[in-house]
Every structure is written in C-alpha cells, then in structure tokens.
1. Does the stretch 425-439 contain any residue that is among the acidic types (Asp, Glu) and over 23 Å from LEU572 (Cα atoms)?
2. Can you pull out every residue in the stretch 383-397 that is touching a helix residue (DSSP H, G or I) at 6+ places or on another chain (Cβ under 8 Å), in a loop (DSSP other than H, G, I, E, B) and under 20 Å from LEU432 (Cβ atoms)?
3. For the stretch 274-285, does any single residue satisfy the condition of being outside the structural domain of THR324 (by TED's automatic domain parsing), of a type in the set (A, V, I, L, M) and modelled with pLDDT under 95?
4. Could you please give the count of residues in the stretch 573-589 that are closer than 18 Å to PHE408 by Cβ, surrounded by fewer than 19 Cβ atoms within 10 Å (Cβ to Cβ) and of a type outside the set (Val, Ile, Thr)?
5. Looking at (1) crowded, with 22+ Cβ neighbours inside 10 Å; (2) touching a strand residue (DSSP E or B) at 6+ places or on another chain (Cβ under 7 Å), find the lone condition where ILE289 falls short.
6. Looking at the stretch 241-257, can you tell me whether even one residue there is touching a strand residue (DSSP E or B) at 6+ places or on another chain (Cβ under 7 Å) and acidic (Asp, Glu)?
7. Tell me which residues, restricted to the stretch 314-361, are basic (Lys, Arg), within 24 Å of LEU481 (Cβ to Cβ) and either modelled with pLDDT of 85 or more or buried (at least 18 other Cβ atoms within 10 Å of the Cβ) (or both).
8. Report those strands (runs of 3 or more DSSP E) wholly inside the stretch 165-261 carrying at least 1 residues which are in contact with an Asp or Glu (Cβ under 8 Å, 6 or more places away or on another chain) and under 24 Å from GLN87 (Cα atoms).
Amino acid sequence: MLSKTRIPTDEELGKKDDDHRPGLRSGLTVGRPRWDMFAGIFRWRRRRVTLAVVLSGLLYLSLTSMPLLSGLWTPSAPWGDVYVPEQEPKGPPPAFTISGTGRGLKRKYAGPVRFYRLASSLNAAAHTGGYHPSNRNVLFAISNLKSASVVLPLACEMAKWNRNYVHIAFMGWDDVPISALLDFHGVDNASCPAMWHDARPDYMEYSNEARAESSVVAALMHINNYLHPQVAIMDDSAAEDPFFVRGIRTKTKMLSIPLIEIPKDRWRNFLWITRLDAGSLKSWHKPTIEVVLQLPSASTGGVFRLLKSLADADYNGVRPPWLTIDVAADADPSVEQYLKDFHWPPDDRAVAERSQFTIRRRVTDPATREGAAVRLLESFYPDDTLHSHVLVLTPNSELSPLFYHYLFYLLLEYRYSAYSDADGANIMGISLEQPAVLLDGRTKLPAFQVSDLHSSRYSDRFPEEENIPFLWQGPGTHAALYFSDKWTEMHSFVRNRIAKSYQQGANITAPAPVKPETLSSLADYMVELMRVRGYSLLYPGTNSLQSLVKLHNELRHPLETKDRAIPPENVLIPYSWPLHVALPFDGDLPEVAHLPFLDTDGNKVDHESATASAAVHADEFRETVGGCNGTKTMHRKAIHGGAEDLFCFGGADEDDLVEDGLAVSRSSFALPQNDENPD
C-alpha cells in the first residue's frame, strides 16, 4: 500500500469533509472497482499539474539549447585527451525561410548554440598558461567590421611589445572568414603575432538578438575556461552591436574580468595601453585619484586658469578624478561665484551620475608653516591604503590635456604591473613638473643623458633622446601625485614628529624649512621622510620644451604657493598629441632599476647606495628626533603605511621591537601584486 506521506490528504487538497464517503480512507470499498482506491490519490490541483508541465518544458529547453563547444576534448586515457572535430553545417538552418540580404537580413533563428570553430584555436593556445587564473592573456573582442578597424591596430601593437599573450575573438553577425578579415586589414602573423579565435556559433548570421547575445555569453564562458583572460578590451559601446555589448558586459561582470572600452574616435590617443602588461590592465578599475587644490586668498586669476585646464583635460576611457577644493577663509568673492557655477566632472565626459566635487571653506587660515602642512595633509586621507591616491595642485599650475592619462599610465605601470619589484616600493609618487634647480633654489639640476639609464637598450634604440625621466629625493608639491600608502605614512610621520616636538622635556625643533622657502610647507617634512626611507619622486625629465604642467611666476603666496625658479617658458603638450608620442622612448616606460637617481643634495647615486644611505639617516633620526637614545640596538617594527618605527614614546612591547637594520628594508614595503595585501 502507498504510504500517506506520498499521497496528499483531504485537508491538503482543500476538500470539505462531506465531499468524501465513509470507507474511502481504508482503500478497500466493497462492491466498487479496485481503482476506486486510487481516486483520492490522483485528485491533484490543476495548478500542480500545470507546474509539472512547465518544469518539464523548461528542462527540455535547457537540454536542447545548451551551448556546445563542438570538437573540444573527449577524455580517453589517464594521460591525455583526444581532439574530435565535427563538421559545421552550411547554409541556413533547416526549414528556415530567408528574407532580406546582408545587414538587412531578417534574423529570426533562435535554435540551440553550438561552436564549431572555437575549439581548435583554444586548443592551440594551451601554451599560454590559461589553465592558471593568473597569467599573461589579454582578450580583444570584436562584433563588426567597423570595430575591427579600431581594435586590430591596438591588439597588434600590443602583440608586438611581447609583454602579453594577445587573443582576438570575433563574435559578430558578419559571415566573414577570419582569413578574409586579416587580408582586408593587411594583417599577417609576422606583423601581428596574436592568436585568433572565431567565436561565432553555427547559423550566426541568421540568429536573432537573443540568440546572438547568448552566443557571446557562451563564447566568453568557454574562453574563460581555457584562457582565463586577465582583461577584456572592446571598442566603444556606441560602435559595437547592441547584443554584443550586453553580452560581454554581463558575462565579464559575472566572471570578474575587467572590461576596458576604447573611447570613440580616440584609439590613437589610447595606444599607450598597449605598453602595459596583463597585471596592470587587470587593475584598470582599481586605482582612484582625488585632486586636492588649496586656494589662497589672493591671485584668483590662476585659480580660474587651473580649473579650466582641469575641465579641458582628456578623461576619455578612464574614470575622472574626484576634486576637492580647499578655499581660504578670506577668499575673493569672485572665487565663490565661479565655484557656484562650476560642475565636476565635465558634463560631456561624466561617467558618474552624481557629482565628484567637494568644496571646503576654512574658518581660519594657518599662521605657521607647521599649521599649513597639517592643513594640507588633513585635506585628504585615503579610504583604501592600496588604491586611493591623491594629486596635489597649487593655483599657479596649468595642466596639459594629457596630464591625467600620463598619471594613469605611470600609476598602472609602476604600482600594478606583474613585473613590479621591490624597487617600485620606494617611489613616493609621480611629479608632473620638470624641475630646473635643486632645493636651494639656485643650483641647476644636473642634466641626464640616455647613457645615465642603467640599461643599454635605450641608448641602442634611442641614442639621441635627451628628455630622460629620473628619480629624485626632492618633493614636488606644485603638481604631484602621491601614492596612497605613502600619503598615510606622511600622516603618521608628521603626527608623530609634531607630538615629539611638543613632548615635555624634549628638545626637538620643527624641521628646517627648505631654503629658500619656495616650496610648500609640507616639503619640510617630506624631505626628512624621503631621506630616512630612501623614497623618491618620479620626474618626467628636464630638457623637453613640451611639458605636462606649466607653472606661472606671477602667483606668489607666503605659505603655500611661492615658486622656485622654473625653466624658460615651455609649451603644454596639446590634446591632439598621442601620449606615447609625447613621451621619450616611444612611450616605453623604463624599469625602476634602470632610472637614474638623485639624492636630496642633487648627487647622482645608484639605487643600492640610496638604500644604504637611508638606513644611516634613519638611525640618526631615531636618536636625534625620534627620542630613541636608550634603544640603539632595538626599535619598533616598520609597518606598511606607518612611521611609528622612527619614534620612541615608551611603553613598547617586546613583540613590537626588532634589531636595527632589520626594521626598514625594501621587502617591508614591497608593493602588493594585484589582489595581495601587504599587510
């Protein structure tokens, strides 16, 4: 007999008691057919029958429409797999009526998706290490022939640099063989050493929008399974087919693959991304930049000029920075009126629905250099000590339209590259200005030759290049980007140094002002930190007549904006120039270890000497400023983003101490590789 747990009871079926005759529950009613005993069993509600039918239909559809990758690998032996190709059907689908031609073809086919051409190319790319989630694979995806004319030059240029394995996948409606596509654009394996994938399913040219979008999603699933691309790159969404845009955005988001869109009509100005490796490109959406601008009480004309240059800059393809303006207590009324009508980001380049603009009005202005330094530091604190960076500008600056792409390019290369080493951890930030003199304001900065780079590859290829980027232990506070962890370390350093100077019984004075007092007051503290850590700023060079920032001499302010000497009048790099053309070495950024290095006094030193000198300065600082006289052999451990190891206030636990020479090392501040957290 069937169990009651398998048969719905009368109460479950919602029947009234008087609808049932006695004896039915026993299942043995005399004088009636035996099937009467099952009458109550099969009295299911109509909705349950309907639900069963619907579920069965959905199961059938899922089994028949599952995207299959024809010709992939079939397990046959413990030591390997067998590749079994299948024949792709030609012509229209069976019983399919064709109407229209070319791009006007009436696409109505909605059958199951199956890939016949994708398996062979994925199999051939096995050597790229796609089985591992972290690799060097970069995917370019295309949906139509017009976009191919934009994407192919970038993909082929990246393939030539040989930093990544470049894959190009075609996922469009057009029934054009890959070989014909390459011939049309004059591309061959020698000129474009990339790997090509025909990711179109069967009957693609007859597919309706829903099937075409599903095929993009399914193709990306297969590509990810076998290649694990670190990033996907596509043309501007307005140029690609809508089904392709929806599919690739949906699937890359699901797979956590960063998606980069080439800005419309600006691909030549975007060629700098072809010099980046997969590690940098994978981090495309990680860094954020906030611009901090402190407005003085005078020289309002420079403010308007700077804000205009900010608004006119090129933010195509990247997320515009946040903007914070710190207004002086007695600011000119014209500044208030200008800011009232000021919008950020610029309307035609905004990528956010809400404003990324903050105004802060001071109650009082700082009266000392120490107060001015604290005010500048307090204007920003990163919400992410790995990825939130700050660009500090003074009102006497005017920016090139390419300044932001330049900063973003160098930021991705020197902070997020898969090839980054410990040397990059000692870079404090990136300066936009081309310095002319040392910190004394008089001595001319040494000129660099291409032979000063610690690699012959640059002198062999670019023997006449004069604009040489370099590292300098000199703060650039007119227009400089500071990395998030270095800014938090500055917070820690200034906080502890001021606390030590006010400590009872301590004979500690404020840092000596940089002489003459031509730099921001924060430079006084920054020079000290650079010396004891071996930090430096990356400068773009000194000899180019085209620059990323122009400093105007007519603006002067006693606390923050006095100018040091600048080179003769230079010209800002225009909007029309591609960034890689404006940079030396065809936009190839030298490795940190290859860059020439200047110490604070302007002496050319090697990187190892700078590190050794920093250790000596750190020991001296701990004793003379940090109050660590009684702990000459032990001091606090260095913590990433902090400077507590340079000071002694008493009460430190044994676990917090380490022997001299071990606390501050290059490995202590090594950059995180992608998602790794150094903490």
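The values are calculated or read from the model by the stated rules, or taken from the named source; none is laboratory data. Everything numeric in this text was worked out from a predicted model, so none of it was measured. In this analysis, Cβ positions are derived from the backbone assuming ideal geometry, glycine residues included, and neighbour counts consider all displayed protein chains.
1. Checked the stretch 425-439: no residue is among the acidic types (Asp, Glu) and over 23 Å from LEU572 (Cα atoms).
2. Of the stretch 383-397, the ones touching a helix residue (DSSP H, G or I) at 6+ places or on another chain (Cβ under 8 Å) are 384-393, 395-397.
Subsequent filtering for residues that are in a loop (DSSP other than H, G, I, E, B) retains 384-387, 395-396.
Across the stretch 383-397, the qualifying residues are PRO395, ASN396.
3. no
4. Residues meeting the conditions: 5.
5. (1)
6. Of the stretch 241-257, the ones touching a strand residue (DSSP E or B) at 6+ places or on another chain (Cβ under 7 Å) are 248-249, 252, 257.
Pick out the ones that are also acidic (Asp, Glu) and you get none.
Checking the stretch 241-257: not a single residue is touching a strand residue (DSSP E or B) at 6+ places or on another chain (Cβ under 7 Å) and acidic (Asp, Glu).
7. ARG319, ARG360
8. Numbers: elements: 165-170, 195-198, 231-234, 259-261.
Hits in the stretch 165-261: 165-170.
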